[in-house]
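J.: Shown below is the structure under consideration.
The values are calculated or read from the model by the stated rules, or taken from the named source; none is laboratory data. Keep in mind that this is a model prediction, so the values were computed, not measured. Glycine also receives a Cβ, built like all others from the backbone with ideal geometry; neighbour counts cover every protein chain displayed.
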């Protein structure tokens, strides 16, 4: 067997309980790619890209496949950029935790909730409607609205913005 438990491909197959199938397939690919030129190698299936990535991680990807893999990744990045997809997360993943929100956007969402409540809609219905309009979760809209209300009440008590 070409792979051992120290290899990423082995751990990947082990977790999926597919050691026999996937390791044999990966071994076949390595043998096939070893004798092919980079222009002959086709990385059409997503699974082949995953296998190539795992082999690359452990330095087991043949040189010709390495070049073909790089070409495939560069091609996908170009397609994503042409379609204005967000590619920056590939290199700079977002940090965990609550994301910083635009105060202006949060204000507009909270104001929309306030307007609907003033029109006689229940708060939960207002959250749901605004959430659908802004493609957010109703709980997110509720939290933003409650934060805005809390901040408004603090300013009232302090005497700010009383015009």
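J.: Right, residue 120: more than 27 Å from residue 80 (Cβ to Cβ) and either in a loop (DSSP other than H, G, I, E, B) or not assigned by TED's automatic domain parsing to the domain that holds residue 73 (or both) or not?
T.: yes
J.: While we're on this one: Can you work out which of the residues in the stretch 116-138 that are free of Cβ contacts under 8 Å to residues at least 12 places away in the same chain and under 19 Å from residue 150 (Cβ atoms) is surrounded by the fewest Cβ atoms within 10 Å (Cβ to Cβ)?
T.: 118
J.: I would also like to ask the following. Of the residues in the stretch 21-46, how many are over 19 Å from residue 64 (Cβ atoms) and surrounded by 10 or more Cβ atoms within 10 Å (Cβ to Cβ)?
T.: Residues flagged as over 19 Å from residue 64 (Cβ atoms) and surrounded by 10 or more Cβ atoms within 10 Å (Cβ to Cβ) within the stretch 21-46 amount to 4.
J.: Let me ask something else about it. Do any residues in the stretch 60-71 that are assigned by TED's automatic domain parsing to the domain that holds residue 33 have Cβ atoms under 6 Å from those of residues that are surrounded by fewer than 18 Cβ atoms within 10 Å (Cβ to Cβ), where the two are at least six apart or on different chains, and which pairs are they?
T.: Partner pairs satisfying both residue conditions: 62/34; 64/36; 64/37; 64/38; 67/38; 68/38.
J.: Being at pLDDT below 90, touching a helix residue (DSSP H, G or I) at 6+ places or on another chain (Cβ under 9 Å) and assigned to a loop (DSSP other than H, G, I, E, B) is the requirement here; does residue 100 meet it?
T.: No.
J.: Still on this structure: Just checking, how many residues over the stretch 6-31 are at pLDDT 90 or above and outside any helix (DSSP H, G or I)?
T.: 2
J.: List the residue pairs whose Cβ atoms are under 6 Å apart, where the first residue sits in the stretch 32-49 and is in a helix (DSSP H, G or I), the second is at pLDDT below 90, and the two are 6 or more positions apart or on different chains.
T.: These pairs meet every condition: 33/41; 49/43.
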